[in-house]
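What follows is a short report on a single structure.
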Amino acid sequence: MHHLRQRGAPRQALQHRDLLSSDTHAMDQLQDVLRPRRAAHEPVEDLEAVAQELHRRFVAAEREALGHALARCDLDVPAIEVEGERSHRVLRCATTSTSAAGPVRVERSLYRYPHGVIRSVLWELRAGIIEGAWTPLAAKQATWVVAH
C-alpha cells in the first residue's frame, strides 16, 4: 500500500480535428512542419497562415507533453493511504483537465474513500490539480482574468 500526506493544500480548443485524432504524435507533427521551414530560403507567402499553423502545432505538442506529465502523476495501485485513511482503487478511466494550452486527456485511477466518495485525490495532489480539473498554470491564468 502506498502512503501520501498532504502538506498544505480557459480553455483553448484546437481548430483542426487532424491534430486531435491523428495517430501521429503532435511532437512529430510539429517537427514535420519545422524541418522544411528551417531549410527554406524563399520568402514566406502568407505569414499569418504560417503563424497560425505553427501556433496550432506548438499548442498540440504542449498538450501532448502535459498529458504525459499528468499521467506520470498517477499511481495505479490496488490501495493507498491518504492522511491516515485507506482507500481502494475501483476504476481507471480518462478525464479531461484544463491546462493553459487547452484540454488535456489523461488516464488516472479512482479510489473509494471512507464515506463512499470516489475520487482521484492521489493524482490531484501529486499533479497539483485545482478543483478536480485545473492545472496550476491554468488556474493562475483564470484567476488573473477574473480579477481583471
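The values are calculated or read from the model by the stated rules, or taken from the named source; none is laboratory data. The shown structure was predicted, so the numbers you read here are calculated from the model rather than taken from an experiment. Quick reminder, even Gly has a Cβ in these numbers, built from the backbone with ideal geometry, and neighbours come from all protein chains shown. Keep in mind that these areas ignore ligands, DNA and RNA; they rest on the heavy atoms of the full protein, side chains included. Shrake-Rupley method; radii C 1.70, N 1.55, O 1.52, S 1.80 Å.
Descriptive notes on the structure:
- For first residues located in segment 61-85 and closer than 19 Å to A138 by Cα, partners that are aliphatic (A, V, I, L, M) and not in a helix (DSSP H, G or I) and lie 6+ apart or on another chain with Cβ distances below 6 Å form the pairs E62/A101; R63/A101; R63/V104; L66/V104; G67/V104; G67/V106; L70/V106; A71/V106.
- Residue list for segment 42-99, filter: within 23 Å of W134 (Cβ to Cβ), β-branched (V, I, T) and outside any helix (DSSP H, G or I): I80, V82, T95, T96, T98
- Which numbered condition H41 fails, given (1) open to solvent by less than 60 Å² (accessible area, probe 1.4 Å); (2) modelled with pLDDT of 90 or more: (1)
- From R57, R63, R11, residue being modelled with pLDDT under 90 and basic (K, R): R11
- Residue list for segment 60-96, filter: in contact with a helix residue (DSSP H, G or I) (Cβ under 7 Å, 6 or more places away or on another chain) and within 16 Å of V117 (Cα to Cα): I80, V82, E85
- Answer from L91, L75 - the residue that is exposed (fewer than 12 other Cβ atoms within 10 Å of the Cβ), under 21 Å from the mean Cα position of the chain (by Cα) and not aromatic (F, W, Y): L91
- Scan of segment 100-117 for residues that are assigned to a loop (DSSP other than H, G, I, E, B) and either over 20 Å from E81 (Cα atoms) or open to solvent by 50 Å² or more (accessible area, probe 1.4 Å) (or both), ordered by number: A100, A101, V117
- Among the residues making up segment 118-148, those that are closer than 13 Å to R92 by Cα and assigned to a strand (DSSP E or B) are I118, R119.
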